[in-house]
Amino acid sequence: MGRINGVIMRCQFLGGAEEVGQVGLIAETPGGNLLFDYGFVASDPPGYPEPAPPVDHAFLSHAHVDHSGMIPWLVERYGSRIVGTTPTRDVSTLLAYDSYKICMFNGYPQPYNKRDIAMTKEYYDTFGYGETAHAHDLDVILHSAGHIPGSTMFEVRGDSTFVFTGDINTMDTQLVSAAKPVSCETLFLEGTYSGRTHPDRKTLEHEFLEKVDEVVSRGGRALIPAFAVGRTQEILLILNKSGYDIRLDGMGKRVLRHYLDNPEFLRDRRKLQDVLSNHQLQFVKNQFQRESALDGEVIITTSGMLQGGPILSYIRKVKDDPKSAVLLTGYQVEGTNGRNVLERQSIMLDNQLHRLNCEVEYYDFSAHAGHDELLGFVEACDPDRVVLFHSQDRSFLAEDIRATGKEVLTPLRKETFEI
Ligand SMILES: [Zn+2]
Ligand SMILES: [Zn+2]
């Protein structure tokens, strides 16, 4: 068993164990509880984790709502200090305001109010990669997780060391460099892509650019729905030297500013700054500009799963144009408009099902490590024990890791386990 300052550690997932989303991990240490991530799923209705017990310190791996969405609740309730990077603080604050607005709009109960969100910002202790935070006599070192700018793996050092990955990517993307292995006794590893692999990234980028070229050459518009956090900026980098007339709409614009304000968390700060000096890129700032955005050739906008936001007004305009195309750039969850578009070539607009006569394609620009990369990461970290979480089916990964002689735990939500 691993020990932290002489004591066997008891842990519990408040959510995000046998599911993707609403992540929260409690680790009991001799000095008090530590919490890793605390998020909710902005589904319909929203999905929440179990209520967290009092914690002095919470460690936030990254800004995505399924990891960060409940942090304002935590701060309001317990005044917990939050450890994370500056982009995580700034972008999760932006997303908390956005979730609050969406919850209000849909008439769902709010776990917190706007004042709580504003107050939460003051409770962050921000660190850079390689720096050490202290909590209950423990040293906690921050490492890049390679998932989005500012995303962090936490290495907790005691008599034995454990690492919490948050969401990780072990391959370089345009935006961030790959996560590097950290040797430890216990590895809490996300398993989103258990049993699934990704296409080769270079080939994928090439195919994507060729498709955009084909659409533009035949006189159509390439509509690119993209998640605001990470994906929008990644797509901008891929398209930056393409020479197309690009219009950028949605929340990805504000996230881009936050990333440019914190260039030390980017793989290549100059490349993202170059995006801003691209005269072929125009920001869509108001309704008037939105009306004329289809004068451009490529439109990148939220939401990534077509669940709302500016993308719907663009789809209305191009859905009957066979020369145009909707190019999906991320995983489409079951039950979303994006999934319907992909599988049935149809979309709900104003409570009516519409057929899409334009082209629809999907490109797997995932920011998560695939099955084989996760296995390689485990081998390189060389832990005694792996705790799998953040996965709908951990069995494939569990089996392959066990075959290497390591212990694998797959705890369920609320189940107490020892490491
Ligand atoms: Zn994430
Ligand atoms: Zn996640």
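None of the figures in this text is laboratory data; all of them are computed from the coordinates on show. A quick note: this is a predicted structure, and the numbers were derived from the prediction, not measured. Using ideal geometry, Cβ is built from the backbone for each residue, glycine included, and neighbour counts are taken over all protein chains shown.
Per-structure values
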| quantity | calculated |
| --- | --- |
| Check on Ala27, more than 16 Å from ligand 2 (Cβ to nearest atom), more than 18 Å from Thr192 (Cα to Cα), among the hydrophobic types (A, V, I, L, M, F, W, C) and outside any strand (DSSP E or B) | no |
| Criterion violated by Glu234 - all others in (1) crowded, with 18+ Cβ neighbours inside 10 Å; (2) acidic (Asp, Glu); (3) under 30 Å from Cys11 (Cβ atoms) satisfied | (3) |
| Flag if Glu379 is crowded, with 16+ Cβ neighbours inside 10 Å and either within 16 Å of ligand 1 (Cβ to nearest atom) or within 25 Å of Arg201 (Cα to Cα) (or both) | no |
| Where Val156 falls short, out of the listed (1) within 16 Å of ligand 1 (Cβ to nearest atom); (2) closer than 17 Å to Gly84 by Cβ; (3) not in a loop (DSSP other than H, G, I, E, B) | (1) |
| Candidate set: the range 345-372, residues that are crowded, with 20+ Cβ neighbours inside 10 Å and within 12 Å of Ser194 (Cβ to Cβ); chosen: the one farthest from ligand 2 (Cβ to nearest atom) | Gly370 |
| Residue match in the range 101-123 (condition: surrounded by 15 or more Cβ atoms within 10 Å (Cβ to Cβ) and either without any contact (Cβ under 8 Å) to a residue 12 or more places away in the chain or part of a strand (DSSP E or B) (or both)) | no |
| Flag if Glu334 is more than 16 Å from Thr197 (Cβ to Cβ), within 26 Å of the chain's Cα centre (by Cα) and either among the hydrophobic types (A, V, I, L, M, F, W, C) or part of a loop (DSSP other than H, G, I, E, B) (or both) | yes |
| Qualifying helices (runs of 4 or more DSSP H) (wholly inside the range 208-292; at least 2 residues being of a type in the set (A, V, I, L, M, F, W, C)) | 231-239, 252-261, 269-276 |
| Close pairs from the range 46-68: first more than 19 Å from Ala145 (Cβ to Cβ), partner part of a loop (DSSP other than H, G, I, E, B) and within 15 Å of ligand 1 (Cβ to nearest atom), Cβ under 6 Å, at least 6 apart | Pro46/Phe40; Gly47/Gln22; Tyr48/Phe40; Pro49/Gln22 |
| Unique match (being buried (at least 19 other Cβ atoms within 10 Å of the Cβ) and out of contact with any helix residue (DSSP H, G or I) (no Cβ under 7 Å at 6 or more places or on another chain)) among Val255, Val229, Val215 | Val215 |
